[in-house]
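The values are calculated or read from the model by the stated rules, or taken from the named source; none is laboratory data. All figures in this text were calculated on a predicted structure; none of them were measured in a lab. Neighbour counts run over all protein chains shown; Cβ positions are idealised from the backbone, glycine included.
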Amino acid sequence: MRIARFSIDGNVAFGAVEGQGTVESGDLVLDIIKGIPYADFELSGTKVPLNKVRLLPPVLPNKVVAIGRNYAEHAAELGHEVPEAPITFFKPTTSVIGSGDAIEYPSFSEELHHEAELAVVIGRMCREVPRERVRDVILGYTCANDVTARDVQKREKQWARAKGFDTSCPLGPWVETDVDPHDLTIQATVNGEQRQLGRTSDMVRSIEDLVVHITEAMTLLPGDVILTGTPAGVGPLHVGDEVAVTIEGIGTLTNKVIKRG
Ligand code: MG
């Protein structure tokens with residue numbers, strides 16, 4: 001099931017996405033969910049065309065935990081080794097935007113990069129999750145763009161500003177609950193031109209490894225998100241660009257870059 005979060009007539013709701021096509025195509029319909037997707041819920045049978053609502057980020061995470069250098073080719077393109085232990089960092093909740101929202105180019109950077117990533121959405125509160133229980137704590141998967149001020153990342157020891165500025169965490173367009181995430185094509189295009197292309201099977205640490213590693217340290221809550229790292233091909237974004245992250249079996253996350261007003 002694809003679960004979207006959206007606003008309609010000033011109200012926020014979740015809906016199950018039905019039909020084939022893209023967000024823009026006009027072929028998709030939302031069946032509004034009674035309740036929330038983290039507990040038992042029912043479909044209301046009340047349907048609205050998806051292109052008549054405003055899509056919101058599919059979850060409102062309490063935290064976004066991100067992993068650095070989890071694809072060997074990407075680590076190499078920036079001149080790094082694959083780290084011995086996963087690099088973990090946070091992106092703040094204020095960085096999260098949905099598909100169709102604008103990425104605001106930060107005033108303190110001159111080198112903004114896209115990073116297409118598979119995002120894991122947590123479905124239940126969990127801590128110290130054993131490897132064989134990882135699947136039970138995951139609600140589903142969505143597309144993410146770990147937008148990065150690369151020049152700031154190189155200049156500053158901690159990545160809080162480089163990767164945590166407002167609008168630096170596009171997520172969406174929805175959460176897919178039924179996909180096997182272990183060998184999917186992941187790509188980024190800018191203005192329709194392909195920039196990144198990889199497979200999730202090339203992750204150095206698997207989703208299972210990452211959930212075990214993170215929950216060894218901290219409790220994850222329903223709606224929390226793990227960004228699993230980006231494949232090779234990261235590159236610049238400029239004001240006016242449209243960047244799209246597509247993951248096979250999940251969907252396409254599209255955002256425009258604007259000057260911060
Ligand atoms: Mg990243």
Scan segment 124-152 and report the pairs whose first residue is assigned by TED's automatic domain parsing to the domain that holds residue 108 and within 13 Å of residue 208 (Cα to Cα) and whose second residue is modelled with pLDDT of 95 or more and part of a helix (DSSP H, G or I), with Cβ atoms within less than 6 Å and a gap of 6+ or a chain change.
-> 128/215; 129/137; 129/211; 129/215; 131/208; 131/212; 134/208; 134/211
Of those in segment 20-40 that are without any contact (Cβ under 8 Å) to a residue 24 or more places away in the chain and either farther than 23 Å from residue 61 by Cα or touching an Asp or Glu at 6+ places or on another chain (Cβ under 9 Å) (or both), the residue surrounded by the fewest Cβ atoms within 10 Å (Cβ to Cβ) is 20
Selection from segment 8-52 of residues that are part of a strand (DSSP E or B) and within 23 Å of residue 224 (Cβ to Cβ) | 12, 13, 14, 15, 16, 17, 33
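Does residue 93 satisfy the criteria of being in the same structural domain as residue 241 (by TED's automatic domain parsing) and free of Cβ contacts under 8 Å to residues at least 40 places away in the same chain?
Working: in the same structural domain as residue 241 (by TED's automatic domain parsing): yes; free of Cβ contacts under 8 Å to residues at least 40 places away in the same chain: yes.
Considered against the rule, which asks whether it is in the same structural domain as residue 241 (by TED's automatic domain parsing) and free of Cβ contacts under 8 Å to residues at least 40 places away in the same chain, residue 93 comes out as yes.
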Looking only at segment 89-125, which residues are touching a Lys or Arg at 6+ places or on another chain (Cβ under 9 Å) and among the small types (Gly, Ala, Ser)?
-> 95, 98, 100, 102, 107, 109, 116
Out of curiosity, is residue 235 over 16 Å from residue 171 (Cβ atoms) and either within 16 Å of the ligand (Cβ to nearest atom) or of a type in the set (S, T, N, Q) (or both)?
-> yes
In segment 53-73, how many residues are within 16 Å of the ligand (Cβ to nearest atom) and part of a strand (DSSP E or B)?
-> 6
Using the structure shown, decide if residue 14 is surrounded by 13 or more Cβ atoms within 10 Å (Cβ to Cβ), away from the ligand (no atom under 16 Å from the Cβ) and either among the small types (Gly, Ala, Ser) or at pLDDT below 95 (or both).
-> no
The listed residue being within 16 Å of residue 148 (Cα to Cα), under 12 Å from the mean Cα position of the chain (by Cα) and in the same structural domain as residue 97 (by TED's automatic domain parsing), out of 251, 172, 229, 233 | 229
Which members of segment 101-122 meet the condition of being out of contact with any helix residue (DSSP H, G or I) (no Cβ under 6 Å at 6 or more places or on another chain), part of a loop (DSSP other than H, G, I, E, B) and not acidic (Asp, Glu)?
-> 106, 107, 108
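When you scan segment 141-230 for strands (runs of 3 or more DSSP E) that lie fully inside it, which ones turn up with 2 or more residues that are buried (at least 16 other Cβ atoms within 10 Å of the Cβ) and more than 16 Å from the ligand (Cβ to nearest atom)?
On the way: elements: 169-176, 185-190, 193-199, 225-227.
Qualifying strands (runs of 3 or more DSSP E): 169-176, 185-190.
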Assuming residue 245 fulfils every condition listed in (1) within 15 Å of the chain's Cα centre (by Cα); (2) buried (at least 17 other Cβ atoms within 10 Å of the Cβ); (3) not in a strand (DSSP E or B) apart from one, which condition is it?
-> (3)
Filtering segment 82-133 for residues that are within 16 Å of the ligand (Cβ to nearest atom) and among the hydroxyl-bearing types (Ser, Thr, Tyr) leaves a count of 3
State all residues of segment 191-213 that are among the β-branched types (Val, Ile, Thr) and under 17 Å from the mean Cα position of the chain (by Cα); if no residue qualifies, say none.
-> 200, 207, 211
